[in-house]
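Take a look at the structure below.
The values are calculated or read from the model by the stated rules, or taken from the named source; none is laboratory data. Owing to the predicted nature of the structure, the values given are computational and were not obtained by experimental measurement. Neighbour counts are summed over all protein chains in view; Cβ atoms, including those assigned to glycine, are modelled from backbone coordinates with ideal geometry. Ligands, DNA and RNA are excluded from the accessible area calculation, which covers all protein heavy atoms including side chains. Shrake-Rupley method; radii C 1.70, N 1.55, O 1.52, S 1.80 Å.
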Amino acid sequence: MTSGFLALARRRWLGAVALGLLTLLCAVAVSFRLRLDPNVAALLPDRGEAAALRRYLRAFGGSDLAVLLVRGEEPEDVAAAAASLAQELRRRPTVELVAHRIDVRGPGEPMLVWRHADARARGRLAGALEPAAMRARLRHSRALLLAPGAAAAAELIGRDPLRLGELLAEPGGGASVRPGAGVQPDGSFASDDGRARLVMIRPKGQALRGADARAFVADVAEPIAHARAAHPQTRFGLSGGHAIAAATERMLLSDMALSGTASLLLAAAAFALVFRRVRALVAVMPPLVLGTLWTAGIAAAMPRGLSAVAVAFMSVVVGVGIDTGVHVYAALLAARQEGHAPRDAARLACRRTERPVLVAAIAAAAAFAALGLSEIGALRQLGILCAGGELLTALAILWVTPAIGAWLERRPCAPPRPPRWTHAAAALTSSRGRAVAFAALALLPIAAVALGFGPGFSESIVGLRPDKLEPLAVEREIQRVFGGRPGGWVVLVADADPLAARARADRIAERLGAMAADVESLDSLTAMAPAPSTQLARLAERDALDLRAKAAALRAALIDTGFAAERFAPVLEAMQHPSRELVRLEDLRQGEAEIFVSRFLGQDGPDTLVALYVQPRPGPASEARVEQAVRAVDPRAAITGYGRLERTLRVSLGRDLPRVGLLAGALVLLALSLSLRRARDVLLALLVVVAEIAIVLVLIRALGIPLHAYDALVLPVLLGVTVDEGVFLLHGARRAGGPDAVEQTLRTEGPLVAATALTTAAGFAGLLLCDFDGLRHLGMVGALGSVIGLVVALVVVPAGLRLARRRPTS
């Protein structure tokens, strides 16, 4: 297994040239090609409803609207700020379209309102054309004309004396289908009290291209600053796909730099504190940085960039990779203490540690590689990078550390004094009774977890939408002010025929629009531009009402209520010969209504996608009825959205965890068998990692650490990462032999395994400084597992060795 490596070591100049070229290539790749992927789709499973959400993000996420929230105490000041800001934004080079209001006047001919009316609205329209209803509505119209400030009402009533347009959105049971929330009667995007307004922006470029997102956010910062200076009492907040992508990228860059640096410093401090030889860092850190750089080169080669969770690779590689340096340098010191010359000691250290550290590195790499079975692309990416990083840092340390260490340890080395804590650790299991008691105590959590005392799964959504991301905070504020709540659904219709896709979406909207008891809100394209076939069907239903007779009834009602019927001749003529003119999507796209059209229509490959945004009423019963209604109308429609994602992620985790755990366990068992080659020792090492995982699960529940799809899969990885402690203790006991093998092993190997475990914990602990919740929780679980693994190894291995020792015969 190591002959090739040793042969390469004998050709140092060739190896140095090759390593130099490799390092230079990786440095260039990291400098110019390493990029972060702010696309949340990488954090989603590859199938089920999450796959539909990935498709939605592909089609709509890249061209997502930006939303600017303007808030203040004075409605007039807020309105002025929104209007001036919209005007200035129109001149920005990264802005394609801006709207702070839309035209809500509707069609000039009242008989065309049927085109936009859902089933309930069409029922109200038909009812309004009954003679008694006509007279009631006309009397109300007359009252409006006699009220103060009736100029605007006069224009409306002149075109539509029955005010049929109002029936599309009548309060208290009006049409549930709407183009979007927050549209006031004057067309402004404002709250009811006027103290909050929205400016809708369609940026140029793609939100999922980092350069486009950064350019847009930087470009609009200047107009926002101008508006803030002109309206100091007004507050502004930017949300939407471009703002979220830019903020996510900034967060990931900050997290990667901060956690990587913190992990390096914490690991170095733990190494110096436990290993008690600070200058050894000079021999260990350069190859560790080298291996991390090579791993970053792999990350730079990933075509889609580095996902949010995979950013953790640097901290993990630093923490886990330094383990090899601990054992290699300790072997070098041991060889020097035996009297070997520095260069001979370096070669001897490499020869003595090559097999165990490579086996340990392969075991850890195999556990990380097991993440390749995950349905979540980001976790697969993390597994590849950590597996590669573990092997590359191990090889770099075996190559570089002995040579530097030989130069550092030119003077004779005195054997170090064992730390005091090793005596205390040995005393814990110094008798068979103590060994049984402490071993049982360490293994007790296994039974506790088996009886159901482990933690449940927490919400995985925190890994997708971090709480500290400012644009998401703005999004939550918009939901609070304008209505709505988290948990909305997206119903996605895909079809190669754009008209067919729109017609299918119309049928779903028609059905859900009639379910007021179960549907809280429904935003759909059909409120603005129904498919031509939908419009024709609705106009046919209108024409079946015998509008000629209705026109005669309206003339009589106008006269009876005091109106001059001749003034409404165009209206009466339109009723006798109703228009069948259709709303054309192309016409809408020429005006500001396009700002809404792009929210509902997208393209994914050859398919046109139509999105409907549904907010079911709270409760599983309503949700079930809404889902059944969608399935009944269109079985091919997909239902997705962040509101449904939690269930999908739990299902995905339920599939991933057993697969990854079994593969990681099998690979670790294989590595243990190859390394230890004794059934007793393999069993002890397995007991260590199983007890460790059980204790970690109990502590996760006790400490309230969230356990979700993005940190739960660290648990099977810990099998490979923390198995080293037990393996090296068992190897040390085998070398020591004799009745005091346990005490001698704890004195010699105890400090080394403590150093490896604590440096690994330090690497994971660096992630605690991340703003991204998924990374922070991953760091918590990893650091806790590394420390617990050390404690369990220091108890279970000595206890097992003492209990397995034969009692002396009298």
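If you stretched the chain out fully between residue 517 and residue 337, how much longer would it get, using 0.36 nm times the residue separation minus the C-alpha to C-alpha distance?
Once the chain is fully extended between residue 517 and residue 337, it gains 56.6 nm.
The heavy atoms of residue 204 present about 100 square angstrom of accessible area, all protein chains included, probe 1.4 Å. Taking the charge dipole of the chain about its Cα centre, with +1 at Lys and Arg Cβ atoms and -1 at Asp and Glu Cβ atoms, the residue from 45, 324, 391 reaching farthest to the positive side is 324. Per residue, the average separation of C-alpha pairs within less than 8 Å and at least 6 apart gives the chain a relative contact order of 22 percent. For the set 481, 278, 519, solvent exposure ranked by accessible area (probe 1.4 Å, protein chains only) runs largest to smallest as 278, 481, 519.
A crude spin-label estimate for the pair residue 497 and residue 642, with each label 7 Å from Cα along the Cβ direction, gives 3.6 nm. Accessible surface of the chain, 1.4 Å probe: 61 percent of it comes from carbon and sulfur atoms. If one takes the longest principal axis of the Cα atoms in the chain, at what angle in degrees, from 0 to 90 and to the nearest 10, does the Cα axis of helix 342-369 lie? Value to nearest ten degrees: 30. Charge dipole of the chain (Cα centre as origin; +1 on each Lys and Arg Cβ, -1 on each Asp and Glu Cβ, all else neutral): 3260 debye, rounded to the nearest 20. Neighbours of residue 161, meaning other residues whose beta-carbon lies under 10 angstrom from its beta-carbon, give a summed charge of +4 when Lys and Arg score +1 and Asp and Glu score -1.
Dipole orientation for the chain: of the candidates 365, 707, 226, 365 has the Cα lying most toward the positive pole (charges on Cβ; Lys, Arg +1; Asp, Glu -1).
Rounded to whole numbers, the Karplus 3J(HN,Hα) couplings from phi for the stretch 650-663 are 5, 5, 4, 5, x, 7, 5, 4, x, 5, 5, x, 5, 5 Hz, using 6.51 cos²θ - 1.76 cosθ + 1.60 with θ = phi - 60°, and x at Gly and Pro. Here the spin labels are modelled as points 7 Å beyond Cα on the Cα-Cβ line, and at residue 257 and residue 566 they lie 8.0 nm apart. Does a label point 7 Å from the Cα of residue 580, set along Cα-to-beta-carbon, have any residues of the stretch 111-142 with amide nitrogen under 17 Å, and which are they? Only 111-116 pass the distance filter.
Applying 1/(1 + (r/R0)^6) with r as the Cβ-Cβ distance of residue 702 and residue 476 and R0 = 22 angstrom yields a FRET efficiency of 0.10.
Simple spin-label estimate for residue 604 and residue 304 gives 1.3 nm between the two label positions (7 Å along the Cα-to-Cβ direction from each Cα). If R0 equals 60 Å, the separation of the Cβ atoms of residue 136 and residue 218 corresponds to a calculated FRET efficiency of about 0.55.
Accessible area per residue for the chain is 42 Å², calculated with a 1.4 Å probe on protein heavy atoms, without ligands, DNA or RNA.
In the chain, taking the dipole from charged Cβ atoms about the Cα centre, the farthest positive-side position among 748, 117, 596 is held by 748. What's the angle, to the nearest 10 degrees (0 to 90), between helix 377-408's Cα axis and the longest principal axis of the chain? Roughly 30 degrees between the two axes.
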